[in-house]
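So the structure is just underneath, and the comments pick up after that.
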Amino acid sequence: MKKYLIIILLLLSTSVLGCLTNAPEEDVGGVVNYIDIPMSEAKIKVDSGEYFILDVRTREEYDAGHIANAILIPSTDISGRLDEVLKDMPILVYCRSGSRSAIASQELIDNGYADVYNMEGGIVAWQNAGYPVQK
């Protein structure tokens, strides 16, 4: 019985530690998935200058205010404009609230991009936290 308890504890600790990594997630079949991250973590990534920042909202939304250095490719245009998204950098994707960016993030993954992060809460959460936008 004690032997089984130790095994269970080891499996649980491995599972918990595995959730603490910030690397792209892989499912059982080895398929890479995008990672949802909170806006506060996205802010750190933006400030690092080491991420391709992708805004997938409409032109009107983008013009109303966007994250500095963000590249606009509306979610409806992603599949036809993949050549504009850098593959040699990690990618942070955002939209208004996080829904369109999740879809765009999956589209990037489906097309061979491996280091993709979806900002939860979108630009709404960003602005609610008092972070700056450019117009």
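The values are calculated or read from the model by the stated rules, or taken from the named source; none is laboratory data. Bear in mind that the values here come from a model prediction, so they are computed numbers and not experimental data. Using ideal geometry, Cβ is built from the backbone for each residue, glycine included, and neighbour counts are taken over all protein chains shown.
Among the residues of the stretch 39-58, count how many are part of a loop (DSSP other than H, G, I, E, B) and surrounded by 12 or more Cβ atoms within 10 Å (Cβ to Cβ). So the answer is 4. Taking the stretch 75-98 as the search range and keeping residues that are touching a residue at least 40 places away in the same chain (Cβ under 8 Å) and of a type in the set (V, I, T), which one is farthest from K45 (Cα to Cα)? Going through the qualifying residues, I end up with V93. Residues that are of a type outside the set (S, T, N, Q), part of a helix (DSSP H, G or I) and farther than 16 Å from G65 by Cβ were ranked within the stretch 101-128; the one that is farthest from the chain's Cα centre (by Cα) is D110. Among the conditions (1) under 15 Å from the mean Cα position of the chain (by Cα); (2) modelled with pLDDT under 95; (3) surrounded by fewer than 12 Cβ atoms within 10 Å (Cβ to Cβ), D88 misses just one, which is (1). Got at least one residue in the stretch 23-35 being assigned to a strand (DSSP E or B) and either buried (at least 16 other Cβ atoms within 10 Å of the Cβ) or touching a His at 6+ places or on another chain (Cβ under 6 Å) (or both)? Taking every residue of the stretch 23-35 in turn, at least one turns out to be assigned to a strand (DSSP E or B) and either buried (at least 16 other Cβ atoms within 10 Å of the Cβ) or touching a His at 6+ places or on another chain (Cβ under 6 Å) (or both).
Only residues that are in a helix (DSSP H, G or I), within 25 Å of Q127 (Cβ to Cβ) and not charged (D, E, K, R) were counted across the stretch 59-100, and they come to 6. Residues in the stretch 99-125 that are of a type in the set (S, T, N, Q) and in contact with a helix residue (DSSP H, G or I) (Cβ under 7 Å, 6 or more places away or on another chain) were compared, and the one that is nearest to P38 (Cα to Cα) is N118. Once the stretch 51-85 is narrowed to residues that are closer than 13 Å to E107 by Cβ and small (G, A, S), the residue that is farthest from the chain's Cα centre (by Cα) is G80.
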